1. Considering the stretch 175-226 alone, what residues qualify as being at pLDDT below 85 and among the hydroxyl-bearing types (Ser, Thr, Tyr)?
2. Counting only residues that are surrounded by 14 or more Cβ atoms within 10 Å (Cβ to Cβ) and at positive phi, how many does the stretch 161-197 have?
3. Just for the stretch 137-160: of the residues that are outside any strand (DSSP E or B) and under 16 Å from the mean Cα position of the chain (by Cα), which one is surrounded by the most Cβ atoms within 10 Å (Cβ to Cβ)?
4. Restricting attention to the stretch 7-33, and to residues there that are part of a helix (DSSP H, G or I) and surrounded by fewer than 10 Cβ atoms within 10 Å (Cβ to Cβ), which single residue is modelled with the lowest pLDDT?
5. Applying the selection to the stretch 169-186, what residues are touching a strand residue (DSSP E or B) at 6+ places or on another chain (Cβ under 7 Å) and either under 13 Å from Leu99 (Cβ atoms) or among the polar types (S, T, N, Q) (or both)?
6. When the residues of the stretch 51-65 are filtered to those that are within 9 Å of the chain's Cα centre (by Cα) and of a type in the set (Lys, Arg), which remaining residue is nearest to Leu165 (Cα to Cα)?
7. Among the residues of the stretch 78-98, are any assigned to a helix (DSSP H, G or I), under 26 Å from Glu198 (Cβ atoms) and at pLDDT 80 or above?
8. Every residue in the stretch 140-174 that is within 21 Å of Leu186 (Cβ to Cβ) and in contact with an Asp or Glu (Cβ under 7 Å, 6 or more places away or on another chain), please.
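The values are calculated or read from the model by the stated rules, or taken from the named source; none is laboratory data. Note that the coordinates shown come from a computational prediction; the quantities given were computed from them, not determined experimentally. A quick note on method: Cβ atoms are made from the backbone with ideal geometry, for glycine too, and the neighbour counts reach across all protein chains shown.
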Amino acid sequence: MKPLCTNIASYQQKQGIACRNTQGFTLLEVLIAIAIFAVISMASFSIFETVLNSDTVTKERTDRVNELQRGFLMIERDMLQIARRSIRLNGEAPQEGFLHTDNDSYSSTEQAIAFVRHGWTNPGLLLPRSDMQSVAYQLNDNTLERVHFNFVDAVLGEEPKVRPLISQVEKLDFEFYDGKKWQKTLAENTMPMAIAIELETTDYGIIRRQFLVAGDGLQEKESDRE
């Protein structure tokens, strides 16, 4: 009996079918397959890297916006509760006026503003302090800081509590509205109707916010109505 392969070859010859030897992939085909796989891999990696970078940038911007919102919210809360009260520093005589922009008072390298505010929570005066709080905002190392003391009139040697609010700030400016126009300076022993704070940031440029204050002009209008 003839082997199976001989029978198959005879059958193919009878049917006119060419007999070819079975072969594997050539080197060129393997190289082409590798090149196609590499292109697909590079495209997939590029897409993944783009998505990852986008997520990082989005998170950074979200954190930045939240930082700005928290900072301005705290500033607004303080501005709306400004009290008509002067302060003492290091046991010295009371300073004149209710708003203070003396840089030396709070060791600030840039312009600063200080005042006393109402509404510092102290239920039933259980804590050994007033429900009023002396507050200052200053720029230090490109960071807007909120500074306050435990007591309205800081005693000699008392260290202030410093809280960083907004970073990446290059310049800090304040303006005061007296009912007629905005101005850089404020008359002594007067309270403006609004205070504007202007921050020059490295990423968003100049940011300006204006806050209403129970100033002299507003109180005069209320007195006229009565």
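1. Once the filter is applied, which keeps residues that are at pLDDT below 85 and among the hydroxyl-bearing types (Ser, Thr, Tyr), the stretch 175-226 yields Thr185, Thr190, Ser223.
2. Residues flagged as surrounded by 14 or more Cβ atoms within 10 Å (Cβ to Cβ) and at positive phi within the stretch 161-197 amount to 1.
3. Asn142
4. Lys14
5. Phe174, Glu175, Phe176, Tyr177, Gln183, Lys184, Leu186
6. Arg64
7. The answer is yes; a qualifying residue exists.
8. The answer is Lys171, Leu172, Asp173.
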